[in-house]
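Rule-based calculations on the coordinates, nothing more; no lab input. Everything quoted here is computed from the prediction, not taken from an experiment. Don't worry about glycine lacking a Cβ; one is built from the backbone with ideal geometry, like all the others, and counts go over all protein chains shown.
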Amino acid sequence: MLKYFVDTTEALLSMALLTGMLYEYLGFAFEKKGRIFAVIGLIGGLAGAGVVTYLKNGTKLLTSAKWNEIVLILFFIALGALVLFWIFSAVRKTAKQVSGWAVCLLACIMMMITLTYALPNVIIYPYSILLVEKSVLSTAFIFKVIGMLFGLVLVFLAGLSAGKGLVRLSPAQMLLVLNLVLTVNGIRQLSMCLRIMLTKKMIQNHKLFGDFSLFKIAAFSSNHDNWFIFGMMLAAVLIPVLIWIKSTHVNEPYKTPAEKRKILKKWLVNKRWAGLACACLVLSLLNLTELKVIANREVELSPVEDAPVVDGNVEISFTQVEDGHLHRFAYTTENNIAIRFIVIKKPNSSSYGIGLDACDICGETGYYEKDGQVVCNLCDVVMNINTIGFKGGCNPIVIPYSIENGKILVPVDGLVEFEKEFK
């Protein structure tokens with residue numbers, strides 16, 4: 001559950017902040033016209049995300065290579081819209097003096113592209129989980145979906161509160177914060193375009209100065225992608241800070257007690273939105289740092305147990321594995337590669353689940369035992385112990401074995417075949 005909470009927040013937080021701010025900005029700065037464009041951008045982005053999700057996962061029409069080409073085009077359009085947005089924002093000094101139609105259209109385009117790109121990665125989560133868990137009624141499926149839903153709630157509240165807080169700033173402050181967020185997001189998109197173009201050999205890896213090259217820029221941005229999210233969060237945190245500073249210098253004139261109560265109520269609401277935005281950003285920061293470390297930490301696998309090699313077979317006695325717990329063994333090849341395999345006695349049975357400590361999906365990350373269940377170390381999928389020894393899903397890779405005279409015999413030749421899995 002925690003992993004999907006973290007992954008959903010990481011995938012959608014920047015999108016939520018940007019979309020929430022643009023949506024509220026349009027409605028505030030351009031009233032009815034702006035609200036129409038904001039709704040068009042929101043609906044268009046959601047529809048685009050739905051179409052992309054279906055094409056990528058329900059058909060063969062949108063391959064990864066094709067999607068990268070589309071992303072490249074979309075991002076260049078978004079970058080162009082961003083540059084024009086900057087120009088129109090700089091031409092006039094206040095938000096309401098900006099050329100309305102142009103700014104509304106550009107913001108609408110950026111909303112559509114942002115939603116279309118970010119949402120499909122999360123929409124597919126339930127389908128991906130179901131492929132492994134096999135049933136929507138399984139405990140693992142329900143908990144993972146709950147984690148995803150918590151992430152959706154968090155990013156929704158973060159985007160909503162950031163947008164509501166943004167429109168409570170002065171016009172100059174509003175444009176400053178919005179353009180900071182747009183700038184960080186634009187740099188992120190530009191770096192992603194660079195990575196795609198280098199991968200597809202659309203541009204060459206030119207050296208800029210010394211050992212600094214385009215490839216190093218692309219690699220650095222890819223390895224530190226979260227820095228862009230933190231940058232947008234840092235820009236967004238200016239919203240509650242500016243609101244709280246402004247609330248300490250309230251000097252609005254009033255003539256009657258009713259007008260005074262109205263002013264106090266307004267600033268109470270302002271501070272509540274600021275508080276919600278701050279709480280969401282703090283929780284998101286905790287999510288992307290401490291909780292991410294916990295969710296992705298590697299479980300220490302149990303040690304490899306001793307088992308002799310006799311006549312070309314690894315021999316394991318029943319007494320060594322009859323306790324119903326997971327036992328890990330290994331055979332070290334001539335190339336000094338340890339090929340691990342697991343053995344566990346199946347519940348309410350005299351048979352054993354035997355397979356490599358690796359699977360076709362997750363590789364040789366291994367399995368561990370938790371609360372009487374066997375769990376994949378990479379994807380946290382819980383194995384049905386009764387299916388260990390059979391092909392399919394995240395089950396251990398099947399290996400040959402035989403049982404003779406109270407011993408499990410695993411032929412060395414059958415293990416060496418999988419040497420490449422453990423390189």
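Numbers below:
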read-out	value
Beta bridges by DSSP in the chain, antiparallel share as percent, to the nearest 5	95 percent
Enclosed volume per residue, in Å³, of the convex hull spanned by Cα atoms of the chain	201 Å³
Estimated 222 nm signal from helices in the chain, with DSSP H stretches of n ≥ 4 weighted -39500 (n - 2.57), rounded to 500	-20000 deg cm²/dmol
Residues 318, 422, sorted so that the one with the fewest Cβ neighbours within 10 Å comes first	318, 422
³J(HN,Hα), Karplus 6.51/-1.76/1.60, whole Hz, each residue of region 404-409, x for Gly, Pro	9, 6, x, 9, 9, 10
Computed lengthening from residue 249 to residue 412, 0.36 nm per intervening residue step minus Cα-Cα distance	50.8 nm
Rel. contact order, % - alpha carbon contacts under 8 angstrom, at least six apart, region 2-296	29 percent
Cα-based helix-to-principal-axis angle, 214-223 vs the chain, degrees rounded to 10	80 degrees
Added length on full extension, which subtracts the Cα-Cα distance from 0.36 nm per residue, residue 279 to residue 419	45.4 nm
Hydrodynamic radius of region 22-84 per Kirkwood, over alpha carbon pairs, in Å	13.5 Å
In sequence order, calculated HN-Hα J values of region 19-24 (Karplus, 6.51, -1.76, 1.60; Hz; x Gly/Pro)	5, x, 5, 5, 4, 5
Inter-part distance where region 239-299 and region 323-376 are each reduced to a Cα centre, Å	51 Å
Relative packing of peptides 177-188, 282-293 - highest average C-beta neighbours within 10 Å first	177-188, 282-293
Residue 313 long-range amide H proximity, modeled H, under 5 Å	412
Sites residue 183 and residue 264 - FRET efficiency at Förster radius 41 Å, r taken between beta-carbons, to 0.05	0.70
Taking 32, 144, 164 and counting other C-beta atoms within 10 Å, the order from fewest to most	32, 164, 144
Principal axis dimensions, largest first and in whole angstrom, of region 181-269 by Cα	70, 24, 18
Using alpha-carbon coordinates, inclination of helix 139-166 to the longest axis of the chain, degrees	20 degrees
On Cα atoms only, tilt of 238-247 relative to the major axis of the chain in degrees	40 degrees
Proxy reagent accessibility, fewest Cβ within 10 Å first, across 369, 300	300, 369
Rounded Å value of the spacing that divides the Cα centres of region 1-71 and region 150-188	15 Å
Where Rh is the Kirkwood radius over Cα pairs, Rg/Rh for region 309-422	0.94
